[in-house]
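Following: one structure in structure tokens, then a few remarks.
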């Protein structure tokens, strides 16, 4: 998500607190917030999928390969 969209989220937030939003602006705000949350989830999922754990026997296990791609909670 680029900086202009984040700035727009902030603009709409401040406007909602100051004077309120029109129906179209509320719809835009909801869409932008959903897009923002999806981007955050994707970033965190990417980070978690790159974690390696060293087991007691010395083997290295990638959690993304073990849980990430076929995980039922991936959405």
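Where a number appears in this text, it was derived from the coordinates with a stated rule and is not lab data. Since the model is a prediction, treat every value here as computed from it, not as a measurement. Note that each Cβ is placed from the backbone with ideal geometry, even for glycine, and that neighbours are counted across all protein chains shown.
Things to note:
- Answer residue from segment 23-62, given it is free of Cβ contacts under 8 Å to residues at least 12 places away in the same chain and in contact with a helix residue (DSSP H, G or I) (Cβ under 9 Å, 6 or more places away or on another chain) and is farthest from residue 2 (Cα to Cα) among those: 53
- Unique residue being surrounded by 13 or more Cβ atoms within 10 Å (Cβ to Cβ) and not in a loop (DSSP other than H, G, I, E, B) when the list is 21, 37, 12: 12
- For segment 7-22, filtering for residues that are touching a helix residue (DSSP H, G or I) at 6+ places or on another chain (Cβ under 7 Å) and within 23 Å of residue 44 (Cβ to Cβ) leaves 2.
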